[in-house]
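Okay, so here's the structure we're looking at.
The values are calculated or read from the model by the stated rules, or taken from the named source; none is laboratory data. This one's a predicted model, so the numbers in the text were calculated from it and none came from an experiment. With ideal geometry, Cβ positions are generated from the backbone for all residues, glycine too; neighbour counts draw on all protein chains shown. Remember, those area values only see protein heavy atoms, side chains included, never the ligands or the DNA or RNA. Shrake-Rupley method; radii C 1.70, N 1.55, O 1.52, S 1.80 Å.
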Amino acid sequence: NLNSRVKLNNGIEMPVVGLGVFQVEDGQIVIDSVKAAIKNGYRSIDTAAIYGNEEGVGQGIKEAIEENGISREDLFITSKVWNADLGYQSTLDAFELSLKKLGLDYLDLYLIHWPVEGKYIESWKALETLYKTGKVKAIGMSNFQIHHLQDVLEIAEIKPMVNQVELHPLLSQVELRNFLKENSIQVEAWAPLMQGQLFENETLLKIAKAHDKSIAQIVLRWHLQNEIVIIPKSVKEHRIQENANIFDFELTTEEMKTIDTLNQNHRVGPDPDNFD
Ligand code: NAD
């Protein structure tokens, strides 16, 4: 269920399903999404400074804690340092600003959002500093390719715990996933539903019918069975529920293989090697 967690390489447990809030407007919309998710059992929220909604996310968290009789410690909150803030001191400052906007006194996970050439090493050192002070329980990166990770691993005092990358059946990232596994770094998928572009797929439709599930649920289940952490985004409560209702069935080995054949190395987002 939604309490399922994976143990990161430092022993911290991360929920396998969370709510993503990219492109969710700050204010009441994001407050309501966060509250709907937590009410329906979600315990993990993924935001970023650049999403511009950390204040609303924080307000949603605050209200949800009050209304659902849970505590801050039950939740797993992720944010990310934006490209413009990369560098040692600027990353430390960006972290403090995110904490302040979220109204929290610690984060569960803080990520370097993109591997901007020549800038991510200093930010990694800042994340290590933050980790040592206990202000963040786990640190990692997003959109890092193998060669970026190798750069960081060379100098890292603290091993990254998570790499969040675009990952879905059309971009299955097998090579990167293998590298992460070998290095005990948890893979987390952004755009796990390919931002809504998989819902006409005939192969997925057939599997969905066989299980009396939606394509979204089939795809999310494929992630879970591949031990990939997911953060599907929706602002609609019935979809937030639907995306969490994936623990009562299992895809067969054959079905998993069939979905694996859909890979086309096709990105919906930017290429991490050509992005700043
Ligand atoms: P997603 O794959 O989660 O797709 C979201 C879209 O799919 C929604 O807009 C909604 O219209 C649709 N949808 C969701 N559930 C549905 C359902 N059950 N049925 C039908 N349609 C449904 O895409 P995403 O939002 O880009 O990715 C998820 C999260 O990952 C983001 O919200 C964000 O937190 C994170 N993210 C991170 C990065 C990064 O660079 N690190 C980039 C993009 C997104």
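One residue alone among VAL165, VAL116 is within 15 Å of the ligand (Cβ to nearest atom) and either surrounded by fewer than 22 Cβ atoms within 10 Å (Cβ to Cβ) or in a helix (DSSP H, G or I) (or both), and that residue is VAL116.
The set of residues in the stretch 126-136 that are open to solvent by 20 Å² or more (accessible area, probe 1.4 Å) and either assigned to a helix (DSSP H, G or I) or closer than 23 Å to SER172 by Cβ (or both) comprises THR129, TYR131, LYS132, THR133. Looking at this structure, is GLN217 touching a His at 6+ places or on another chain (Cβ under 9 Å), part of a helix (DSSP H, G or I) and over 30 Å from ASP151 (Cβ atoms)? Judged against the criteria, GLN217 is a match.
Do we have ARG177 as under 26 Å from ASP271 (Cα atoms), in contact (Cβ under 8 Å) with a residue 40 or more places away in the chain and open to solvent by 30 Å² or more (accessible area, probe 1.4 Å) here? Spelling it out, ARG177 is indeed under 26 Å from ASP271 (Cα atoms), in contact (Cβ under 8 Å) with a residue 40 or more places away in the chain and open to solvent by 30 Å² or more (accessible area, probe 1.4 Å).
Among ILE207, ILE230, which is touching a Gly at 6+ places or on another chain (Cβ under 9 Å) and either more than 13 Å from the ligand (Cβ to nearest atom) or of a type in the set (A, V, I, L, M, F, W, C) (or both)? None of the others qualify; the one that does is ILE230.
Residue-by-condition table, conditions (1) within 16 Å of LEU2 (Cα to Cα); (2) touching a residue at least 40 places away in the same chain (Cβ under 8 Å):
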site: LEU171; (1), (2): no, yes
site: ASN183; (1), (2): no, no
site: ASN201; (1), (2): no, yes
site: ILE230; (1), (2): yes, yes
site: GLU250; (1), (2): yes, no
site: MET256; (1), (2): no, no
site: LEU262; (1), (2): no, yes
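The residues on offer are SER184, SER123, and the sole one that is part of a loop (DSSP other than H, G, I, E, B) and either touching a helix residue (DSSP H, G or I) at 6+ places or on another chain (Cβ under 9 Å) or closer than 17 Å to GLY11 by Cα (or both) is SER184. Just one of the listed residues (ILE139, ILE146) is of a type in the set (A, V, I, L, M) and crowded, with 21+ Cβ neighbours inside 10 Å, and it is ILE139. Scanning the stretch 244-260 for residues that are open to solvent by less than 10 Å² (accessible area, probe 1.4 Å) and closer than 30 Å to ILE31 by Cα gives a single hit, ILE246. Listed by first and then second residue, the pairs linking a residue in the stretch 141-161 that is closer than 11 Å to LEU127 by Cα to a residue that is more than 16 Å from the ligand (Cβ to nearest atom) and open to solvent by less than 50 Å² (accessible area, probe 1.4 Å), with Cβ atoms under 6 Å apart and 6 or more places separating them unless they lie on different chains, are GLU157/GLU128; ILE158/GLU128. As a summary of the residue check, LYS80 satisfies the conditions (1) open to solvent by less than 40 Å² (accessible area, probe 1.4 Å); (2) over 18 Å from the mean Cα position of the chain (by Cα); (3) not β-branched (Val, Ile, Thr) except for the one numbered (2). Being on the phi < 0 side of the Ramachandran plot, away from the ligand (no atom under 16 Å from the Cβ), in a strand (DSSP E or B) and not small (Gly, Ala, Ser), is that true of even one residue in the stretch 40-52? The answer is no; no qualifying residue exists. Against the conditions (1) more than 9 Å from the ligand (Cβ to nearest atom); (2) assigned to a helix (DSSP H, G or I); (3) of a type outside the set (A, V, I, L, M, F, W, C); (4) free of Cβ contacts under 8 Å to residues at least 60 places away in the same chain, HIS238 satisfies every one except (1). Take LEU171 and tell me if it is near the ligand (Cβ under 8 Å from one of its atoms) and within 30 Å of SER123 (Cα to Cα). For LEU171, the condition - near the ligand (Cβ under 8 Å from one of its atoms) and within 30 Å of SER123 (Cα to Cα) - is not met.
For the stretch 48-69, filtering for residues that are of a type outside the set (Asp, Glu) and either farther than 19 Å from LEU107 by Cβ or touching a residue at least 40 places away in the same chain (Cβ under 8 Å) (or both) leaves 10.
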